[in-house]
Amino acid sequence: MSDSQSAAMGNIIPMPVLVQATGQTFTLSPDAGIYVQAGNDELLRIGQYLADKLNPATGYAIKVAPVAKAPAQGNIYLTTEGSDATLGDEGYALTVAQDGVTLVANKPAGLFRGIQTIRQMLPPAIDNSTVQPGPWTMATGTIRDYPRFEWRGAMLDVARHFFKVDDVKRYIDTLAYYKLNRFHLHLADDQGWRIEIKSWPKLATYGGSTEVGGGSGGYYTQAEYADLVAYAQSRYITVIPEIDMPGHVNAAQASYPELNCNGTAPDLYSGIDVGFSSLCIDSDMTYKFVDDVIKELAALTPGPYIHIGGDEARSTPPEDYKRFIERIQPIVEAHGKQMVGWEEIGNAKLLPTAIAQDWNDKMTAQAVQQGAKVIISSATKAYMDMKYDPSTTLGLNWAGYTDVQTAYDWDPTTREAGVTERDILGVEAPLWSETLQTLDDINFMTFPRLPGYAEIGWSPATGRSWSEYSTRLAAHGPRWAALGVNFFRSSDIPWK
Ligand code: TNX
């Protein structure tokens, strides 16, 4: 597709598979409605989500209603009728004509993804929370779109610093805007345990009582976690909860002496070292703990995955590490979930259902040889906690500096020998929070890098260029400003 076609259709990120501009304009007028195919409440809910996004800036009170057939002129119509099966579960076809907008998809998830395209085709002022002048126009044309990879994710570390439910919801909103569909929550680490476990209550009440720097931390009650998961689910985003083991467990060990080989609980920890803690691998209590925690977490988590961490277990001897992973893997399965672990799990004997998450580009091939699938999160490319450049005050730099171009200019299939496109489920960008304390901090590290990861995960790799992308990305600056999303005004982007 030509750059001018994409620019004419509104600088959409991630770039759709096929865009054809027809050179006219649709204007959303005050009496426009959002009509959805009758008989499916889920479609009504999606229609209402779109209305809720459009009402504040337009000042309209857009009506959302079911209809038996395509509505009259001037409206937006969402339907699953007449969809093309080859678009898959998240794909959609969008037609913007002078007299109306029609979005068709096989599944509600596809309509939800297509709605993000509609939002981005309207002027950036649409993202304001207060009434703006308009006019609310969209360029006419057709879009046919579907994702390259099934896993397009971001990870937030709520263990090193704790973030409240509302902040996390605001973060999920931005993931949805870029068509991500996985949200990995790093819920436990040396510095804090962030999820209530009823059978081991002190994990949260004591283990969650601090964070990096010595602040008071916090945790999600099970009801809060369930609410967060439901919020993500209503945006067609699957939450993957992670309890990191057998290392990164100081907060748990500080809460329960019986989780330590010497029977003595260590102090709570608020530094940023890694690799000093380990569960007691040959103690039956360890597996009772794992079983209880995974049982409660699995019951609260509708998605098919539980992440067991498994990274940087530098205080667990290699043979013990393998034994541990091989013993907890069936526990995850027994609670009806698929095990995800950081790439080190490739050292153990894996079930073919296991998923290994690359971070160091070193050990995922070992997992692939055992039939496992892989998520690519290369630290040198996809770690959103890496500083942009030496002047960035937030973040770390152990994997180098990751400017916006570096974050965009790579492909998941070239990271590790022996890991090819068919082994790869997709891409995930982790955000570790050792240095991050507020939602503004989170957003500063995330934007403008995250849209690039979304594009790598969603769009075809062919024809990608930094010069075209950076111009398209620049057009999103005003959108983040309107949404109240803090971002890094990187000097290599031609901001508008
Ligand atoms: C490495 S990458 C870690 C985390 C740190 C992160 C900081 C990985 C699986 N483990 O424990 O927070 O670096 O960038």
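Laboratory data are not the source of any read-out in this text; all were calculated from the coordinates shown. Just so it is clear, the model here is predicted, and its values are computed rather than measured. Neighbour counts are summed over all protein chains in view; Cβ atoms, including those assigned to glycine, are modelled from backbone coordinates with ideal geometry.
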**Prompt:** How far apart, in nm, are two points set 7 Å out from the Cα along the Cα-to-Cβ line at residue 334 and at residue 496?
**Reply:** 5.7
**Fill in**
In nm², the average projected area of the convex hull spanned by the Cα atoms of the stretch 108-252 is 11.4
**Prompt:** Dipole of the chain, Cα-centred, from +1 at each Lys and Arg C-beta and -1 at each Asp and Glu C-beta, to the nearest 20 debye?
**Reply:** 1240
**Request:** At 0.36 nm per residue, minus the direct Cα-Cα distance, what do residue 398 and residue 223 gain on full extension? Give it in nm, one decimal, please.
**Result:** 59.3 nm
**Item:** Likely footprinting exposure, 143, 243, fewest C-beta neighbours within 10 Å first
**Value:** 143, 243
**Asked** If the label point is 7 Å along Cα→Cβ of residue 322, which residues in the stretch 328-353 have backbone nitrogen under 12 Å from it?
**Response** 346-350
**Asked** Given the convex hull of the Cα atoms of the stretch 241-393, what is a quarter of its surface area in nm²?
**Response** 9.8
**Request:** Using R₀ = 35 Å, calculate the FRET efficiency as 1/(1 + (r/R₀)^6) where r is the Cβ-Cβ separation of residue 81 and residue 164; round to 0.05.
**Result:** 0.25
**Fill in**
In nm, the gap between the two label points placed 7 Å beyond Cα toward Cβ at residue 370 and residue 284 is 2.6
**Fill in**
For residue 66, the net charge from surrounding residues (Cβ-Cβ under 15 Å; K, R +1; D, E -1) works out to 0
**Message:** Using a Förster radius of 25 Å, what is the FRET efficiency between residue 291 and residue 233 based on their Cβ-Cβ separation? Nearest 0.05, please.
**Reply:** 0.45
**Asked** Just for the stretch 75-225, what percent of DSSP beta bridges are antiparallel, to the closest 5?
**Response** 50
**Complete:** Counting only DSSP beta bridges fully inside the chain, the antiparallel percentage to nearest 5 is 30
**Label-point separation, residue 20 to residue 405 (7 Å along Cα→Cβ), nm** = 3.5
**Complete:** Note on the chain: contact order normalised by length, alpha-carbon pairs under 8 Å, 6 or more apart, percent, works out to 14
**Request:** List 121, 285 from most exposed to least, where exposure is judged by having the fewest other Cβ atoms within 10 Å.
**Result:** 285, 121
**Request:** Run through every distinct alpha carbon pair of the stretch 343-496 and return the Kirkwood hydrodynamic radius in angstroms, one decimal place.
**Result:** 16.3
**Item:** Listed residues 483, 383, 293: farthest to the positive end of the dipole of the chain (Cβ charges)
**Value:** 483
**Asked** How big is the convex hull of the Cα atoms of the stretch 1-97, per residue, in Å³?
**Response** 124
**Prompt:** How large is ³J(HN,Hα), in whole Hz, for each residue of the stretch 135-151 in order, when computed from phi with the Karplus curve 6.51 cos²θ - 1.76 cosθ + 1.60 and θ = phi - 60°, using x for Gly and Pro?
**Reply:** x, 9, 9, 10, 5, 7, x, 10, 10, 10, 8, 6, x, 6, 10, 7, 10
**Fill in**
Computed, not fitted: 222 nm per-residue ellipticity of the chain from DSSP H runs ≥ 4 (each -39500 (n - 2.57)), nearest 500, equal to -9000 deg cm²/dmol
**Request:** Could you calculate the FRET efficiency of residue 199 with residue 489 from 1/(1 + (r/R0)^6), where r is the beta carbon distance between them and R0 is 60 Å, rounded to 0.05?
**Result:** 0.80
**Calculated SAXS-style log₁₀ I(q)/I(0) at q = 0.11, 0.25 Å⁻¹ - the stretch 193-255, Debye, Cα scatterers** = -0.29, -1.07
**Request:** Please name which of 147, 318, 418 has its Cα lying farthest along the dipole of the chain towards the positive end, using unit charges on Cβ (Lys, Arg +1; Asp, Glu -1) and the Cα centre as origin.
**Result:** 147
**Asked** If each Cα of the stretch 104-145 is one equal point scatterer, what is log10 of I(q)/I(0) from the Debye formula at q = 0.17, 0.18, 0.23 Å⁻¹?
**Response** -0.56, -0.61, -0.83
**Prompt:** Which value results for Rg/Rh of the stretch 189-317 when Rg is the Cα radius of gyration and Rh the Kirkwood radius based on the inverse mean 1/r?
**Reply:** 0.97
